[in-house]
Amino acid sequence: MGNIIILTNFILSFAAEAMGCWKQERTNTWTFPTLILCLYGFFYMMKPSEPFLTPYLMGPDKNLTTDEVTNQILPVWTYSYLALLFPVFLLTDYVRYKPVLLLQGISLILTWLLLLFAHGVLAMQLVEFFYGMVTATEVAYYAYIYSVVSTQHYQRVTSYCRSATLVAATVAAVLGQLLVSLAHVSYFYLNAITLASVSLAFLCAFFLPVPQRSMFFHKKDAPEPLPGPGKGLPAGAARGPWSCQEERSPDAAARAASPQPQAGRAGPHRRVLSVLLQLGRDLRDCYGSRKLLYWSLWWALATAGFNQVVNYVQVLWDFRAPSHSSAVYNGAVEAIATFLSSLTSFLVQYVKINWDYFGELALGIFSAIDASCLFLMHFSTSIWACYAGYLIFKACYMLLLTIATFQIAVNLSMERYALMFGFNNFIALLIQTSLTIAVVDSRGLGLDIVTQFLIYGSYFAVIHGIFMIRSICVLVSCKCQRNIERSCPEQLNQAEHESWKKGSQQGRRAACREQ
């Protein structure tokens, strides 16, 4: 505990000095908010108790049953997340991010205070509600930095913020596993460490400057585009001479090019209405592209299934190897999964593939691998097989998510990318809620955890079927297009040759008549 106090004092003094430097030197406007946001992200993700949530709830500390955890407590997170996502999305932009980050910090503290000191099903349902608030407000963390830095720093600060959260998640999982396996620390004290960490995150949020602009309600500049095909597009993703061109609604470009009224010039009610109408127009334009539509469809379907698996996988692990009688390696598995996910996401940049041509095929193949992993977790009784299936499943999903993110973002402005990101996640959450009501909730089928993973495997098999059919259509269409492009020059050359031959014959006949 003394080390935590020393670390807290060091962080606060360091942040105070950094804030003083920022006030004195305003020319360097991006370094201070980036530093504080990275610290916030690190402490926010530094939760060593998270891989051990289910053993904690079903152990002697809370003494809850498997059915109570699976069918009554965990579904509340999905419902809370769905109810809060859209209003929080608009509120985040309207109040310019910082108040929502503070709200997230308060929600984190309340979540872990209840986890530590409250008991009973109702109290744990309240925990899930506040954690739904936490996940709904994550949009503020990822959108804040783009409102305080210029476009030339986007790639750099995104790398810093993402790295901070990935490092923290890995360190937290490893730390939790070491404390449980080697030091035999109870899950209660792991949650106490997590409470201290999220409290530090809350304190860091106070030092963030309030942005002067936001993406929708407080625009001050024209939308700043993300790197287009000529800037930052991997060589493997460049369009070939015969690559399939996706259709776009003919009036979409005209609508996108036409100037839109600034939301900040009207009154509050008209401003909200204007922003909502503009969001609707932007969505219509974005989904007018077939390419964006299909990548977004996979994003929504796969994210719904992924979130469902991640939410309930600890219950399956506890069923295969009960925590009260077996060693628990949840932290080690999560650490390896995070590392593999980061590695596969990093390696995407070296894959030389035309994603316009082979994108749907990749989605179909890797969705089949995901389905196979979930079927393995259903049919195998070995905890090690379940661990291995989860590692492969998460790595494949993160690989495809990275590709989908790039394919969607490469030709969109930052505003439209944020809009599609939020809307795709909202659709995913609707699908996930439907799965939860039908499969998990005690008011629905209320299936046991093993049968649930059979359903999730079948769900990804359906995704595989959808995109394999789509990929076959794309490949056949592109092959026909190539054949047409090849046959046209041949027919043209043949016609020219016949015309030349006919002209030559007429010339010879004229010469003979002259003689």
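Brief remarks on what is shown
- Checked across the stretch 304-319, the condition of being crowded, with 20+ Cβ neighbours inside 10 Å, among the hydrophobic types (A, V, I, L, M, F, W, C), touching a residue at least 40 places away in the same chain (Cβ under 8 Å) and closer than 30 Å to Gln481 by Cβ holds for no residue.
- Residue that is modelled with the highest pLDDT [pool: residues in the stretch 134-166 that are touching a Leu at 6+ places or on another chain (Cβ under 9 Å) and open to solvent by 40 Å² or more (accessible area, probe 1.4 Å)]: Tyr160
- Residue count for the stretch 323-359 satisfying the condition of being aliphatic (A, V, I, L, M) and open to solvent by less than 30 Å² (accessible area, probe 1.4 Å): 5.
- With respect to the conditions (1) over 25 Å from Arg162 (Cα atoms); (2) aromatic (Phe, Trp, Tyr); (3) touching a Cys at 6+ places or on another chain (Cβ under 7 Å), Tyr79 falls short on a single one, namely (3).
- Set side by side, the residues Leu64, Leu85, Leu53, Leu39 differ, and just one is modelled with pLDDT under 90 and either assigned to a helix (DSSP H, G or I) or not basic (Lys, Arg) (or both), which is Leu85.
- Residue check for Val462: of a type in the set (A, V, I, L, M, F, W, C), at pLDDT 85 or above and open to solvent by 50 Å² or more (accessible area, probe 1.4 Å): yes
- Of all residues making up the stretch 444-484, the number that are among the charged types (D, E, K, R) and in contact with a Phe, Trp or Tyr (Cβ under 6 Å, 6 or more places away or on another chain): 1
- Of all residues in the stretch 60-78, those satisfying the criterion of being open to solvent by 10 Å² or more (accessible area, probe 1.4 Å) and either over 19 Å from the mean Cα position of the chain (by Cα) or of a type in the set (Lys, Arg) (or both) are Pro60, Asp61, Lys62, Asn63, Leu64, Thr65, Thr66, Asp67, Glu68, Asn71, Gln72, Val76.
- Qualifying residue in the stretch 86-109 (condition: within 25 Å of Gln177 (Cα to Cα) and either without any contact (Cβ under 8 Å) to a residue 40 or more places away in the chain or open to solvent by 10 Å² or more (accessible area, probe 1.4 Å) (or both)): yes
- The helices (runs of 4 or more DSSP H) located wholly in the stretch 330-418 that include 2 or more residues which are at pLDDT below 95 and closer than 30 Å to Gly280 by Cα occupy 355-379, 383-409.
- When each of Ile6, Ile11 is tested for being at pLDDT below 90, more than 30 Å from Phe453 (Cβ to Cβ) and open to solvent by 30 Å² or more (accessible area, probe 1.4 Å), the lone residue that passes is Ile6.
- Answer residue from the stretch 287-303, given it is of a type in the set (A, V, I, L, M) and over 21 Å from Ser434 (Cα atoms) and is most open to solvent (accessible area, probe 1.4 Å) among those: Leu293
- Criterion applied to Ala183, Ala196, Ala222 was being more than 25 Å from the chain's Cα centre (by Cα), surrounded by fewer than 16 Cβ atoms within 10 Å (Cβ to Cβ), at pLDDT 65 or above and among the small types (Gly, Ala, Ser), and the one residue passing it is Ala183.
- In the set Arg162, Arg96, only one residue is assigned to a helix (DSSP H, G or I) and of a type in the set (D, E, K, R); that residue is Arg162.
- Condition met for Arg284 (open to solvent by 70 Å² or more (accessible area, probe 1.4 Å), at pLDDT 75 or above and over 30 Å from Cys386 (Cβ atoms)): yes
- Test: residue in the stretch 396-411 that is buried (at least 22 other Cβ atoms within 10 Å of the Cβ) and over 18 Å from the mean Cα position of the chain (by Cα): no
- Selection count where residues are more than 19 Å from Thr70 (Cβ to Cβ) and either without any contact (Cβ under 8 Å) to a residue 40 or more places away in the chain or of a type in the set (Phe, Trp, Tyr) (or both), scope the stretch 115-143: 7
The values are calculated or read from the model by the stated rules, or taken from the named source; none is laboratory data. Keep in mind that what you see is a predicted model, and the values were worked out from it rather than measured. Virtual Cβ from ideal backbone geometry, glycine too; neighbours counted across all protein chains shown. Keep in mind that these areas ignore ligands, DNA and RNA; they rest on the heavy atoms of the full protein, side chains included. Shrake-Rupley method; radii C 1.70, N 1.55, O 1.52, S 1.80 Å.
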